[in-house]
Every structure is written in structure tokens, then in C-alpha cells.
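*Asks:* The structure under discussion is supplied below as C-alpha cells; questions concerning it will follow.
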Amino acid sequence: MLSAEQLRQFRRALLEWFTMRQRDLPWRHTRDPYAVWISEIMLQQTRVAAVIPYYHRFLARFPDFKSLAEAPEQELLACWSGLGYYQRARNLQKAARQMKQAGAFPDNYSAIRALPGIGDYTAAAISSISFHLPHAVLDGNVFRVLSRVFTDPANIASAAGKRHLSGIAETVLDKAQPGMFNQGMMELGATVCLPKNPQCVICPVSEWCRARQSGTQSDFPVKIVSRKSVQEKRILFWVERDGRILAWNARQHPA
Ligand code: SF4
């Protein structure tokens, strides 16, 4: 881990870089939790460039949770058409109806996390960007950056590995500016610390990166997918005469 002073410098370098170099994306012009939420859900499984026109259209048609809660499902799905994974749209509406009933967008991590269709990552993103709450986001980009900076051998394909890196992410997080810091980490992973050919020469945190110092960028993150053994029961019948099998049949055992 870095010393307190190194951590301070790391955070400052990342924030300065993000302020200067971030991509101009429409959801970065707002901290409205509703708009941030819509963008985060759209960005799941979908590329940034593909999301932009949908984001504009969706917010023009459903500008707040009340209009989304009251929308006929067919109109909602038509607006989502092309983004795929329609369950995301249905969950948006379920959550919007809960907000309408409560009268507000929830303003704390647990309540946001409890909404339909929202996992740890999305809850941390909305909490930090819209409400300045100190929750670190962890997506594939952030795992990669942290693994490389600390040459951390945790296996990101395992729950234990993710928990371990999540602890590091909470330590590294800039609690004074969690939203900007989180977005900076994700932006770094998406545009500089790429899975192949990381752009270390232009990286704002290269000074503190152990993978760069040791030339081991391609060894991190560690991802070992364990193959589970599958047990199968089969029933085998055969007809035998004088040591010769005349006919046989195998079928799966009913569970
Ligand atoms: S120095 Fe290279 S490997 Fe390290 S965080 Fe930056 S881009 Fe990634």
C-alpha cells in the first residue's frame, strides 16, 4: 500500500488528469441522481457511443421518475428498443414507481442499493456522484487499475479476490471528492490503462504503479476461472452372450 503522502499525491494526480482529460459525455454535465441512474443502467452491457442517443431520447421523453413511473410499458420498451436486455427497462420502471410512492429519489447507499435492478457498482456510482457519499465503485476497469498499481495477486474472478480489492478501493478513494475520484478511476481504466497495451507513458498515476516499474502490466489483473466438476449419473443396459455385447443402451439417470 502507498504511504499517506503518496496516497494524497496519487489522488491529486488522478483528479487533475480527470478534470483536464475526461471525455465530454452528456451524463457528466449533471449530478441529478435520476439522470445519473438512467445513464448507469444504460451503460451496463452497452458501449458509451451507442448509449448517447438513447440517453438523450429517454430523458426527453421521461425527464423524471414520475413520468417514468406513469409511462405505458409499450412506450417505455419502444424507447428502449435497440439497447436490448429489456429487463433493465422494466426494473427502471419498478424502481421509479417505488420512488413515486416514496416521493423522492433515495439519498443513501442502502436505500439506492435496495431498488430493483441496482447492484453494488451502480449504488456506489449514484451515491458518490450525486450525493458525495464515500463509496468506491468497482467495475472491470477499476479492478484492472488497482491490480496493476499494487501488483496485487488477488484473483478477480473469485468473490474473495473481489472483496480484497474492494477493501483497497475504499482505502484509495478520495473521500473528499468521491464522485470525481470514482469517475477518474473508471475513465483511467477505460481510456489509458487498457487491457492490452496500457498507455503508461501518458498515465497520470504511473509514478506509483508497481506493474509499470516491474514491466509486469500484462500479468495483472489475475483472473483464474475455476472449472467446476460436473457429476452425472447414467444407467447402462446391455445384452451379452458368450462374452460378446449384442446390444447396449445408455441414458441419463433421472435426477
Ligand atoms: S502506469 Fe500503466 S499499468 Fe500502471 S495504472 Fe497507468 S496505464 Fe495502468
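*Asks:* Taking only Cα atoms and a 10 Å spring cutoff, compute GNM fluctuations for the chain and point out the largest among 226, 206, 166.
*Replies:* Sorting by GNM fluctuation, first place goes to 226.
*Asks:* Any idea how far apart residue 246 and residue 219 come out in nm if each label point goes 7 Å out from Cα toward Cβ?
*Replies:* Spacing of the two 7 Å Cα→Cβ label points: 6.5 nm.
*Asks:* Turning to a different aspect of this structure: Mind ordering 215-225, 106-116, 171-181 by average Cβ neighbours within 10 Å, highest first?
*Replies:* Values: 215-225: 14.3, 106-116: 15.8, 171-181: 18.3.
So the peptides 215-225, 106-116, 171-181, ranked by packing, come out 171-181, 106-116, 215-225.
*Asks:* Let me ask something additional. Most fluctuating residue of 120, 24, 242 in a GNM of the chain with Cα springs under 10 Å: which is it?
*Replies:* Judging by the Gaussian network model, the answer is 242.
*Asks:* Nearest 10 degrees, 0 to 90: what angle lies between the long axis of helix 87-102 and the longest principal axis of the chain (Cα atoms)?
*Replies:* Computed tilt is about 50 degrees.
*Asks:* Using a Förster distance of 45 Å, how high is the FRET efficiency between residue 66 and residue 176, based on the Cβ-Cβ distance and rounded to 0.05?
*Replies:* Numbers: r = 33 Å, r/R0 = 0.74.
Here the calculated transfer efficiency is 0.85.
*Asks:* Additional query: Per 0.36 nm of contour for each residue apart, how much would the distance between residue 45 and residue 157 grow if the chain were fully extended, relative to their Cα-Cα spacing? List each step's numbers first, then the result.
*Replies:* Values: separation 112, 0.36 × 112 = 40.32 nm, distance 1.81 nm.
That works out to 38.5 nm of additional length.
*Asks:* Would you mind classifying the chain by shape? Square roots of the alpha carbon gyration tensor eigenvalues, ordered a ≥ b ≥ c; an a/c under 1.5 is rounded, otherwise it is prolate if a/b is larger than b/c and oblate if not. The partial results should precede the final answer.
*Replies:* Working: a/c = 2.47, a/b = 1.30, b/c = 1.90.
Oblate is the answer for the chain, as a/c is 1.5 or above yet b/c matches or exceeds a/b.
*Asks:* Leaving out ligands, DNA and RNA but keeping every protein chain, what accessible area does residue 16 have, in Å² rounded to the nearest 10, with a 1.4 Å probe?
*Replies:* Residue 16 exposes around 110 Å² with every protein chain in place.
*Asks:* Follow-up. For segment 31-132, just say rounded, prolate or oblate: build the C-alpha gyration tensor, square-root its eigenvalues into a ≥ b ≥ c, call rounded for a/c under 1.5, and beyond that prolate if a/b exceeds b/c, oblate if not. Write down the numbers at each step before the final one.
*Replies:* Numbers: a/c = 1.64, a/b = 1.22, b/c = 1.35.
Oblate, since a/c reaches 1.5 and b/c is not below a/b.
*Asks:* Per residue, how much accessible surface does the chain expose to a 1.4 Å probe? Answer in Å², no decimals. Each step should come with its number before you reach the end.
*Replies:* On the way: 14430 Å² over 255 residues.
Value returned for the chain: 57 Å² of accessible area per residue.
*Asks:* Right, another one. Using a 1.4 Å probe on the protein chains only, how many percent of the accessible area of the chain belongs to carbon and sulfur?
*Replies:* Working: 7480 of 14430 Å².
Answer for the chain is 52 percent, counting heavy atoms of protein chains only.
The values are calculated or read from the model by the stated rules, or taken from the named source; none is laboratory data. All values reported here derive from a predicted model rather than from experimental measurement. Note that we place each Cβ from the backbone using ideal geometry, even for glycine, and neighbour counts take in every protein chain shown. These accessible areas exclude ligands, DNA and RNA; they are computed on the full protein's heavy atoms, side chains included. Shrake-Rupley method; radii C 1.70, N 1.55, O 1.52, S 1.80 Å.
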